[in-house]
1. Volume per residue, Å³, of the convex hull around the alpha-carbon atoms of the chain?
2. Multiply the residue gap between residue 114 and residue 73 by 0.36 nm, knock off their C-alpha separation, and tell me the result in nm, one decimal place.
3. Would you calculate the separation in nanometres between label points at residue 47 and residue 65, each defined as 7 Å from the Cα along the Cα-to-beta-carbon direction?
4. Roughly how many nanometres apart are two label points built 7 Å out from the Cα toward the Cβ at residue 6 and residue 20?
5. Can you compute the FRET efficiency between residue 32 and residue 125 using 1/(1 + (r/R0)^6), with r the Cβ-Cβ distance and R0 = 30 Å? Round to the nearest 0.05.
6. Each residue of segment 30-42 in turn: what ³J(HN,Hα) in whole Hz from Karplus with 6.51, -1.76, 1.60 and θ = phi - 60°, glycine and Pro shown as x?
7. Taking neighbour Cβ counts within 10 Å as the exposure measure, how do 115, 108 sort from fewest upward?
Amino acid sequence: MTDTVTEVDILTERENARYEAALRADAAGFRELACPEMTYAHTDGSRDTLDVYLDKLTSGTLKYHTIEHPIAQVLVAGDAAVVVGDMRADLTVRGARKTIDTSAIAVWVKREQQWQLLAYQPTPKIARKDEHHG
């Protein structure tokens with residue numbers, strides 16, 4: 001067994017920290033993990049800047065009650081990385097409670113020796129009648 005911390009370990013830790021910050025509506029904690037130009041997509045197709053997303057969290061417009069985010073794969077290519085996984089959440093959006101089940105991709109970039117979230121894109125899962133994907 002090794003004590004070496006890998007880039008995958010660091011990215012996994014930062015991914016966990018960003019979900020925890022979103023769950024707690026911790027704008028300062030989330031901001032530390034994100035690029036200033038971050039874009040955050042939602043399951044309805046809308047996209048937010050970092051400031052708009054954090055405003056939604058702190059104002060209660062967007063409130064996460066629970067979040068599960070199993071990671072399937074972390075791909076690192078130099079100073080860029082993609083975290084592939086799922087995201088399931090119980091949340092309230094503009095006063096309406098809902099549950100989402102998505103496949104998700106988070107794009108991270110390394111700046112000044114620190115991984116920062118650049119983009120997030122969830123895709124809602126749908127029940128399939130067959131095994132064809134496309």
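Laboratory data are not the source of any read-out in this text; all were calculated from the coordinates shown. These numbers come from a predicted model, not from an experiment. Every residue, glycine as well, gets a Cβ built from its backbone with ideal geometry; the counts of neighbours run over all protein chains shown.
1. 141
2. Separation in residues times 0.36 nm, less the Cα-Cα distance, equals 12.8 nm.
3. Result for the modelled spin labels: 3.1 nm.
4. Result for the modelled spin labels: 2.2 nm.
5. About 0.50, to the nearest 0.05.
6. In residue order, the calculated couplings are 5, 4, 4, 8, 10, 6, x, 8, 3, 10, 10, 8, 10 Hz.
7. Details: 115 21, 108 28.
Lowest to highest Cβ neighbour count: 115, 108.
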